[in-house]
1. Using only Cα atoms, locate the centre of region 46-108 and the centre of region 117-168, then give the distance between them in Å, rounded to an integer.
2. With Cβ to Cβ distances under 12 Å as the rule, what net charge do the other residues near Gln250 carry (K, R +1; D, E -1)?
3. When only C-alpha pairs under 8 Å and at least 6 residues apart count, what is the relative contact order of the chain, in percent?
4. Under a 5 Å amide H to amide H cut-off, with H placed in plane at 1.01 Å, what residues pair with Phe171 once short-range neighbours are removed?
5. What distance in nm separates the two pseudo spin-label positions at Glu206 and Ser66, each 7 Å out from Cα along the beta-carbon direction?
6. Determine the gain in length on full extension of the stretch Asn248-Thr136; use 0.36 nm per residue of separation and subtract their C-alpha separation, reporting nm with one decimal.
7. Taking region 89-122, which GluC sites (Glu not before Pro) meet the DSSP loop condition and have no more than 10 other C-beta atoms within 10 Å?
8. Through the Karplus equation 6.51 cos²θ - 1.76 cosθ + 1.60, θ set to phi - 60°, convert the phi angles of region 239-253 into ³J(HN,Hα) values in whole Hz; use x for Gly and Pro.
Amino acid sequence: MIFSSNKLKSPVFFLNHAEHTYWLGEPIIDFLLQIRESNILKDSKNRNIPVQDQFFLPIPVDESYSLKKTEKNTFNIISIGRESKYEPNQEYNFYQEALKIVEKFEHVIFTIVGIELNNPNRKIYAHERLIFIHPTREINQYIENADLYLEGFPIPSFTSLLEPAMAGVPFVLHYNPASVYKVFDDNKEKGIFYPKDLKSWELEVEKMISDKNYKNLITRLQLTYLHENYSSQGWNKKLTEIKDSCKNKQHNIRTIPNEEKYVDGRDEELVSVIESKLTNHYSYTNLLGFFSKLKVIALSFDNPSWVKIKPWKQTIKYLFNR
């Protein structure tokens with residue numbers, strides 16, 4: 001409400017940390033700061049904020065990790081993330097792909113960090129060179145010997161990718177991800193792109209393992225891009241450029257559309273089940289009036305299975321504040 005005042009002269013910058021709440025603050029935002037470059041075009045549609053009023057300002061990444069410069073006979077692949085993010089579904093099975101890689105390449109050691117000791121996938125995909133490490137932040141020993149990082153799927157972990165990448169570990173990204181799971185824009189000239197399907201992903205991984213010259217080229221391209229955008233030095237440079245470009249700008253209230261925007265696609269479906277816990281359909285609505293509560297009840301007839309609906313008698317009590 002404060003930022004909606006016409007008396008305010010300084011422009012309002014809004015940091016987008018939850019793109020699925022695209023309506024939040026929309027009318028009072030002068031400039032939108034994006035921590036993920038891939039959100040700029042998306043928010044020009046969802047928030048109705050022009051591309052020229054958005055800036056890419058990612059969160060700087062820890063640069064304390066480094067690689068060991070030693071000769072070895074093995075090729076070490078790592079991936080880091082919560083075990084729930086690796087859980088296979090109908091379209092993606094990271095464990096299966098990891099197993100196929102170590103079976104095909106006898107010099108490859110594949111380490112996945114973040115898998116609990118009692119996770120059944122440890123037995124299902126057991127192999128002497130497919131190593132599962134329990135959740136830990138003591139990851140330097142895995143990063144310093146890594147030759148390649150594979151972004152996990154179906155759900156990637158952005159920080160877990162960026163930390164090794166900033167140390168100089170080249171990476172292969174998730175294939176055919178929903179935009180909500182993309183931290184980058186595709187840019188092959190920078191060595192950064194999302195394979196279009198599983199076969200393309202497999203070919204890219206195999207090329208990174210087998211072709212040393214190609215791997216070195218991709219490493220240089222990726223590292224240059226990351227230092228320009230995700231280092232503390234790069235962040236400060238971007239911030240200075242943003243300040244300079246907005247020096248003479250003043251705060252303006254954006255026109256509120258007459259109709260509400262409703263977005264229902266792959267991204268929204270995925271975001272809705274990232275944390276599948278029971279939710280009371282009537283939460284936060286107890287202070288509504290009688291007719292508003294009727295609308296809430298009407299909306300309950302088409303809810304996902306994980307949304308808890310009250311029995312009929314409790315619904316009546318809810319409606320009449322009893």
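The values are calculated or read from the model by the stated rules, or taken from the named source; none is laboratory data. These figures come from a predicted structure and were not determined experimentally. Heads up, the Cβs are rebuilt from the backbone with ideal geometry, glycines too, and the neighbour counts pull from every protein chain shown. Only protein heavy atoms, including side chains, enter the accessible area calculation; ligands, DNA and RNA are left aside. Shrake-Rupley method; radii C 1.70, N 1.55, O 1.52, S 1.80 Å.
1. The distance from the Cα centre of region 46-108 to that of region 117-168 comes to 8 Å.
2. That works out to +3.
3. Details: 450 pairs, mean separation 58.8, N = 322.
Once normalised by length, the contact order is 18 percent.
4. Placed amide hydrogens put Tyr149 under 5 Å from Phe171.
5. A separation of 3.7 nm, rounded to one decimal place.
6. 35.6 nm
7. Answer by residue number: Glu91, Glu106.
8. 4, 4, 5, 5, 4, 5, 6, 10, 4, 9, 8, 10, 6, 9, 8
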